[in-house]
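Okay, structure first, notes after.
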Amino acid sequence: MTHLEHSDAHPECSSVHPQSGGQPVENPVGPAQKGLDSLPERRVNGDMAYVTSPRAQGSPEVGMDPMSAIAQAFAPKRAVTYLRVSTKEQATRGGRDEGFSIPAQRDANKKKAQSLGAFIVKEFIDPGESGTSINRPGLKEMIAYLKEEGDTIDYLVVHKVDRLARNRADDVYINSILDELNIRLVSTSENIDQSPSGLLVHGIMSSIAEFYSKNLSNEVKKGMAQKVRGGGAVGRAPIGYLNAREVVNGQENRAVVLDPERSSLIHWCFEAYATGNWTLAGMAEELTARGLRTVATARVPSKPISPQYLHKVLINEFYMGKVKYRGALYNGQHTPLVKPEVFDQVQVILKLHANGERTRVHPHYLKSQVFCGICGERLIVTHATSRSGDVYPYFLCAGRHAKRSRTCNFRATLIDQVEEEICKVFDQITISAEARARYEQLADEQFLKLKSSQQQELDDYTRTREAIERKRHKLLEAHYADAISIDILRQEQTKLDHELQQVDRRIGALQQDLAEQQRTVHQALDFAQYCGAAYRAADEQMKRLLIQLFFDRLYIFPEDNDQPLTVIGHFEKPLDWVYASPVTSRARHLPEQGSAATPDNEKGELTGKSGQLACSVTTTASVLHVEGLNTAYLVGLTGFEPATP
C-alpha cells in the first residue's frame, strides 16, 4: 500500500500542511505507532487506534508540525492503579502490614504499566473492603481524583476485574466514568480491551465475579444458619463473653466462653437495673467506676461504656442463652448470664423509660410535697444568710412570690419548723393494738387459703409452660425441614414468647415464699402501729417515699396572730377510705369544704369518708405552742437573723 492509499484509508492520519499548497501530507505517525491496539474500529474506552483526544492517544493535532507530532506520539503515558483485598485478615496475613496479596497485585500492575509504556502516578488501596459495595474509601478517592485529573491520566490498571467491582451495576457505573474521561481500563490477568470481543470478555468476567460473590454469600448464610440451629454463636461475642479457639485432635473448635473479667459485672448490671432504681446514665457511670471497659480490638482501643452502648447490652437476648439470627431466636450452647425473668423485667423497665430518663434533683426532700394552706400553690425553697454567715432555709409560697395569688399572705416559714410539724402528723397515724391483732389474724387466715390453692394453680401453669415449649420445639423442627419460612418462624416465635413470658411471670409469683410474704405483712402492721417512730428514724429519701405513700398533699398554714404553724395532710388513695378525716399536726380551725386545704372531688376526694375500717387519726388539742417566725417580713431592718425570743 502506498502512502497515499494509506492516507485515504485512514483520513484521520493525514492533514493538510499550510505550506503544501493544499496537497495532502502524510502524517508521520501511522496507526501502528499510536498504541497497543491496531483495529480501526472506534473504541469506547480511550482506544489507542482511533483518535478520541490528542492527550489520550498521542496523535497529532491538525496543523501540528511533524516533529511535535512525533514527540507527542512517543510521550510516556500516565496510569493509576487500584488494589483491593476483601478481608482484614488478608490485609494483615503473615504479620505484615499489607499481607501477601496487596504487594503481589502491586508488582503485577507495575509490570503491566511498564509494558504499556506508562508510569504509575498514584496508587489507591482498599485493604479489607468488600467488592460488592461501591462505598469503599479507596475507590471513592480514586474516582474523585480521576474526575479532577482525568485529562492527564491514560490508564487504570487493576489485577483483575473483580478487584474493581463484584456486581454488574457497579462495574457499569465505574466504566461509564472511565469512558467519559477517556481512560482505558487494563487488567493484568485478563485479556480485555475495547473491541467487541474484548467487551464481551469483560462482561463475562464481571458476571462471573458477581456470581462468585453471590454464591459465596449464599453458602456462608447456609453455614451460619446451620451453626445457629446447633446453638452456635454468629459473629463476635458481646461484652461479658469471649470468642475462644481450641484444637482438639487436630481440629479447630470455636466456642463462646464467659469473660472472667467482665461477666460478673454484666450479671450484676442486669440484676441491678431490674430493680428499677437505676437510669442508663447512672448505671453506665457505676459500671465504669467498678472497672468495666469494652474489649479492645485491632482498630478500637478499650474504653468505658456509654449509656447508648449499655442499652444495646440490656436488650441483647444473647445474655439469657439465646442466639438471634435473621430475626429468629435459637437456643444457644453458651452459658447464660441472666435468667429469663430478670431479662423480661429489664425490658419492661426500658419500655417505661422509653420517653427518657432523668434524675430529679431536689434542694430539699419536702420540695413538691408541701403546698400553701392559704392559696393551694406549691411551696418553694429559699435560703437567707445572716450577717454572721449562718444560712436559714425557708419555705415561700410560689403563688405569692410570682404574684399569682394576690390575696395570699403566706409568711416565710423556717423549714426546720415545718419538718417538726410533719413528724407530729405521722405521730397521729396509728392503729390500736386490738386493731393490729385483728388485721394480723385476717392476714394469717388468708395465707392459709393461698397455700392450699397455690400448688394446684402452680401445676396448671407448669403444664401450660411445657405445652408452649413443645410448640416452640416443633416450630424449629418445621423450619429445619424447610416446611415453614423464616418469616413465619419469626412471627410464631414472637407470639409464643409473649405467651411464655406471661406464664413465667405467673409461675414466678406463685413460687414466691408465702412465709416471707407473711413476715412482710407483719412488718407492715408493725409500721402502722408505730408510724411516727419509723418516720423519725428514716433518712431523707425514705421520708420522702413515706410522705408520697400516705399523703396526696401536705398543706402548710403559717403562724399568724392567733393560730400556730400547722400541717394538715390529706391522705392518698386508698388510705382516704381507711381514715375518716385529714390529719393535722395541732388543733386549728380547718378551712371550709372547697377551700385550698380541702380540695373538691376533682382532686380525688382527699378529705376522707365516713364508715371506713376501725382505724382512727387522733388530733391532739393539748399540744405545746411552737414559736414560728416572729418577723412580719423575710428581710427586716435587722437583716436575715431570726428574732430571738
| field | Residues being at pLDDT below 70 and either surrounded by fewer than 19 Cβ atoms within 10 Å (Cβ to Cβ) or among the hydroxyl-bearing types (Ser, Thr, Tyr) (or both) - total across region 70-92 | value | 4
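Please pick out the residue among LEU476, LEU514, LEU489 that is farther than 17 Å from TYR325 by Cα and out of contact with any Cys (no Cβ under 9 Å at 6 or more places or on another chain).
Details: LEU476 fails: farther than 17 Å from TYR325 by Cα; LEU489 fails: farther than 17 Å from TYR325 by Cα.
Criteria check complete, one pass: LEU514.
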| field | Among (1) surrounded by fewer than 16 Cβ atoms within 10 Å (Cβ to Cβ); (2) at pLDDT below 90; (3) in the same structural domain as PHE557 (by TED's automatic domain parsing) - the single one PRO363 does not satisfy | value | (3)
| said: Can you tell me which residue is nearest to the chain's Cα centre (by Cα) among those in region 546-561 that are surrounded by 12 or more Cβ atoms within 10 Å (Cβ to Cβ) and assigned to a helix (DSSP H, G or I)? | reply: GLN548
| What number of residues in region 108-155 are among the hydroxyl-bearing types (Ser, Thr, Tyr) and either at positive phi or over 35 Å from the mean Cα position of the chain (by Cα) (or both)? | 4
| Of the residues that sit in region 377-408 and are among the hydroxyl-bearing types (Ser, Thr, Tyr) and not in a loop (DSSP other than H, G, I, E, B), which one is farthest from LEU565 (Cα to Cα)? | THR385
| Which of the residues that make up region 271-298 are assigned to a loop (DSSP other than H, G, I, E, B) and surrounded by 15 or more Cβ atoms within 10 Å (Cβ to Cβ)? | ALA274, TRP278, THR279, LEU292, THR294, VAL295
| task | Mind telling me which of the residues THR413, THR385, THR407 ends up being more than 24 Å from CYS531 (Cα to Cα) and in contact with a Gly (Cβ under 7 Å, 6 or more places away or on another chain)? | result | THR413
| said: Name the residue that is farthest from the chain's Cα centre (by Cα), counting only residues in region 321-352 that are charged (D, E, K, R), surrounded by 14 or more Cβ atoms within 10 Å (Cβ to Cβ) and not in a helix (DSSP H, G or I). | reply: LYS339
| So HIS311 fits all but one of (1) of a type outside the set (A, V, I, L, M); (2) at pLDDT 90 or above; (3) assigned to a loop (DSSP other than H, G, I, E, B); (4) surrounded by fewer than 17 Cβ atoms within 10 Å (Cβ to Cβ); what number is the exception? | (3)
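Among the residues of region 239-264, write down those that are charged (D, E, K, R) and within 12 Å of THR335 (Cβ to Cβ). Step through it out loud before you land on a result.
From region 239-264, those charged (D, E, K, R) are 245-246, 252, 254, 259, 261-262; that's our starting set.
Correct list: ASP259 only.
Specify which of the listed residues (GLY508, GLY532, GLY569) is buried (at least 18 other Cβ atoms within 10 Å of the Cβ) and small (Gly, Ala, Ser). Don't jump to the end; show me each part of the working.
Working: GLY508 fails: buried (at least 18 other Cβ atoms within 10 Å of the Cβ); GLY532 fails: buried (at least 18 other Cβ atoms within 10 Å of the Cβ).
Matching residue, one of GLY508, GLY532, GLY569: GLY569.
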| remark: Note on region 419-475: residues surrounded by fewer than 16 Cβ atoms within 10 Å (Cβ to Cβ) and in a loop (DSSP other than H, G, I, E, B) are SER432
| request: Grab the helices (runs of 4 or more DSSP H) fully contained in region 122-238, keeping just those with 3 or more residues being among the acidic types (Asp, Glu), over 30 Å from HIS334 (Cα atoms) and at pLDDT 80 or above. | output: 137-149, 168-181
| message | Every residue in region 406-432 that is in contact with an Asp or Glu (Cβ under 8 Å, 6 or more places away or on another chain) and among the β-branched types (Val, Ile, Thr), please. | response | THR413
| field | Candidates GLU149, GLU141, filtered to the one that is closer than 16 Å to ILE120 by Cβ, surrounded by fewer than 16 Cβ atoms within 10 Å (Cβ to Cβ) and free of Cβ contacts under 8 Å to residues at least 12 places away in the same chain | value | GLU149
| Residue ID - farthest from GLN347 (Cα to Cα), chosen from residues in region 491-536 that are touching a residue at least 40 places away in the same chain (Cβ under 8 Å) and not in a helix (DSSP H, G or I) | TYR530
| task | For residues that are of a type outside the set (A, V, I, L, M) and crowded, with 18+ Cβ neighbours inside 10 Å, scanning just region 239-270, find the one that is nearest to PHE343 (Cα to Cα). | result | PHE270
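The values are calculated or read from the model by the stated rules, or taken from the named source; none is laboratory data. These numbers were taken from a predicted model, which means no experiment stands behind them. Cβ coordinates were reconstructed from backbone atoms using ideal geometry, including for glycine residues, and neighbour counts include every protein chain displayed.
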